[in-house]
Amino acid sequence: MGFEKIVQFVKDREESRRRRHVLLLLKVKQVLMLYTLKLILSLFPFASREQIIHLLTWYAVLFSRKPPHQIKALVDFLTSSGFGDIAFRLSRLISRRSLEGLAINFLVDGLIVREEKRLQADLQGEAVPYALLISPTARCNLRCQGCYAANYSVKDELPFSLVDRVVREAQELGVAVVTLLGGEPFMWGPLVDLIARHPRMYFLVFTNGTLIDQNRVAKLQRLGNLMLTLSVEGFEEETDARRGPGTFAKVMAAMDRLRQARIPFGYSVTATRKNVPVITSDAFVDLMIAKGALMGWMFLCMPVGGNPDLELLPTPEQRLQMLEFVNRMRDTRPIFLIDFWNDAPYVGGCIAGKYYVHINPQGCAEPCIFTHFCQDNIKTKSLREIMNSEFFRELRRRQPYNDNLFLPCMWIDNPEVSRELYAQLALNPCHPGADDILRREDLKRNIDSYCARVQEVYRSVWAEEKGEMNNFYHLKETVLRLFAA
C-alpha cells in the first residue's frame, strides 16, 4: 500500500469515527429530549398556566441551542397565542398517556423531527404530506344531507393489510398524522387494532359519534396516540335536521363518555347557509368547551358529487363572518379552532396533493377530500409514487392558484384551475356524478358567479392581512426548526 493510500485510509477511518461520534451524540440528545419532555408532561397536571409556559421555555432553552431572539419568539407565541390556556386545559382533561401521545407523537416527532424528511423531499422536487387521510369504508349508519362521501359505493372497503402497509409507508416517509374517516370509520372493524399497531404514529378519527358506546370507549382508553373529532351541525335542531332525529343527543352522550375516560376529542361542523349563524355563536362554542372539546374544525358544505346543491354552500359574506368569528374566539376561548378555508393563508393556500392526500374506499388517491378524481390507486402504487404523480405535481406547480391566499380552492374560488386540469390530464372520476360540476353549464355559471363575489369580498381582507401572514411564516419556521439537529 502506497503512502497516499495509507494517508487516505487513516482519513477515512477518522471520518468514520467522527460520524459515529456525531450519531451517538444525536442519539443521546434525542433520548434526553424524550425523557425530559415526559418529565415535564408529568408536571403539567400540577402546574398553572404560567408555570406550563415556563416549563416549555426551559425545555427550549435546554435543548434548542438557538439564539435568544428565536427563544423570545417562541415565548411570545406561547404567551400571546392562547397556547398556554389550551395546554392548561389539556393537562386537566386528558390522561397522561394521551398527553404524551399528543406531545411526543404529533407535536415533537410528527411536526418537528419528521420535518427534516419533508424538507429533504422538497429539495429533491418531491413531496411528503403532513397529513394522510384514509377512508377505509364508505359504509355509514347516517344519511346526512349534502355529505361529500355519499356518492361512493358502500360495497368498497379497504382491507386491513393494505391500510397497515400505507400507514407504515407514511411513517417512513415523514407524514405527521394519519386521519381516518369514511363513511363512518367505526363501521370498519379493524380500526382500533390499526391504531394500536402503530404506536409511534398519531391518528385523528373523524366520526359521527353515534357508535361510541362504553365498550368502544374502554378500548380507546388503552390507546394514547389518537384524538377523536365528533361531527355536529350546531345545536340539537340543526344537527338532527341534517343528520337525523336523536343524533345530537347521542353525540353529546359520547362526548360525556370520552371526557370521563380522559380521551382527547374535538368537534367538526359543516358550514351551510342555514347553520352559519349558530356555529359562529359564542353559545355554541361555549357548549363545546363545557363538554370537553379541545379543538374544533369548520368546513364548507362543498358542491361535490352527483347533482350538487349550491344552495348549501355558505355565501362569501358568511365565509367572512366565519373568519372574524374564529379570530375572536382565538383571542377569548381556550380551544384550538381551525377554519379549513379561512386558515389557508397559514399554509400558503391550497394544500391538495402537497400537504395532504386522501385515499378513498376504492384505494383511489385523491389530492383533496373534496376532489373526487384520481390517476393512481394505492393498491398498485406506493404512497411516494402517488405523491409524485403527474396529477399531484401539476397541482403543486400551480399552487397557490391565487395571490389572495384566502381564496385557495380550485372548485369554488378558482374554478378555471379544475377545468383546465380536467381537460389537460387523464383524470378518472371516482364515482358517478363526480364530474357534474365540470360538465353542467348551469353549475359552471353559478360557480363563476359565486367566485366573482367571493373575490370581491376578500380583496380588502387580504390587503389588510398579508403583512401579518409574513410574520406568522417567520414564527412557524422558528418553531419547526427549534429542535432540528
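The values are calculated or read from the model by the stated rules, or taken from the named source; none is laboratory data. Quick caveat, the model's predicted, so the values are computed rather than measured. Ideal geometry is used to build each Cβ from the backbone, glycine not excepted, and the neighbour counts take in all protein chains shown. Accessible surface is based on the protein model in full, side chains and every heavy atom, while ligands, DNA and RNA are left aside. Shrake-Rupley method; radii C 1.70, N 1.55, O 1.52, S 1.80 Å.
Numbers at a glance
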item: The chain, relative contact order in percent, only Cα pairs under 8 angstrom and at least six apart counted; result: 16
item: FRET efficiency, ARG439 to ASP256 (Cβ-Cβ, R0 51 Å, nearest 0.05); result: 0.65
item: Magnitude of the charge dipole, the range 142-245, Cβ model with Lys/Arg +1 and Asp/Glu -1, debye to 20; result: 400
item: Amide N proximity, the range 134-165 versus GLU126 label position 7 Å along Cα-to-Cβ, cut-off under 19 Å; result: 165
item: Mean Cα-pair separation over length for the range 335-399, i.e. relative contact order, pairs under 8 Å, 6 or more apart, %; result: 27
item: Computed label-point distance, nm, for sites ASP343 and PHE63 using a 7 Å Cα→Cβ extension; result: 2.4
item: Pair LEU142, LEU43: separation of 7 Å Cα→Cβ label points (nm); result: 4.2
item: Cα-centred dipole magnitude for the range 308-442, charges only on beta-carbon of K, R (+1) and D, E (-1), debye, nearest 20; result: 640
item: Dipole of the chain [Lys/Arg +1, Asp/Glu -1 at C-beta], most positive-end residue of CYS368, VAL461, TYR148; result: CYS368
item: THR270, THR79, reordered so the largest accessible area comes first (probe 1.4 Å); result: THR79, THR270
item: Principal semi-axes in Å for the range 368-450 [√(5λ), Cα gyration tensor, largest first]; result: 23, 17, 10
item: C-alpha center-to-center spacing [the range 427-468, the range 152-225] in angstrom; result: 32
item: Cα centroid separation - the range 265-324 against the range 84-113, whole Å; result: 26
item: Average accessible surface area per residue within the chain, 1.4 Å rolling probe, Å²; result: 45
item: Accessible carbon and sulfur surface of the range 71-186 relative to its total accessible area, %, 1.4 Å; result: 57
item: Where labels lie 7 Å past Cα in the beta-carbon direction, separation of ASP448 and ALA249 in nm; result: 5.0
item: Theoretical FRET efficiency, 1/(1+(r/R0)^6), r = Cβ-Cβ of VAL31 and VAL75, R0 25 Å, to 0.05; result: 0.45
item: Cross-link pairs beyond the 29 Å C-alpha cut-off, checked among LYS66/LYS117; LYS250/LYS444; LYS38/LYS250; result: LYS250/LYS444; LYS38/LYS250
item: Reciprocal of mean inverse Cα separation for the range 149-192 (Kirkwood radius, Å); result: 11.8
item: About the Cα centre, charge dipole magnitude for the chain (Lys/Arg +1, Asp/Glu -1 at Cβ), debye; result: 2160
item: Average projection area in nm² (convex hull over Cα atoms of the range 79-226, one quarter of hull surface); result: 11.1
item: Share, in percent, of DSSP beta bridges within the chain that are antiparallel, nearest 5; result: 20
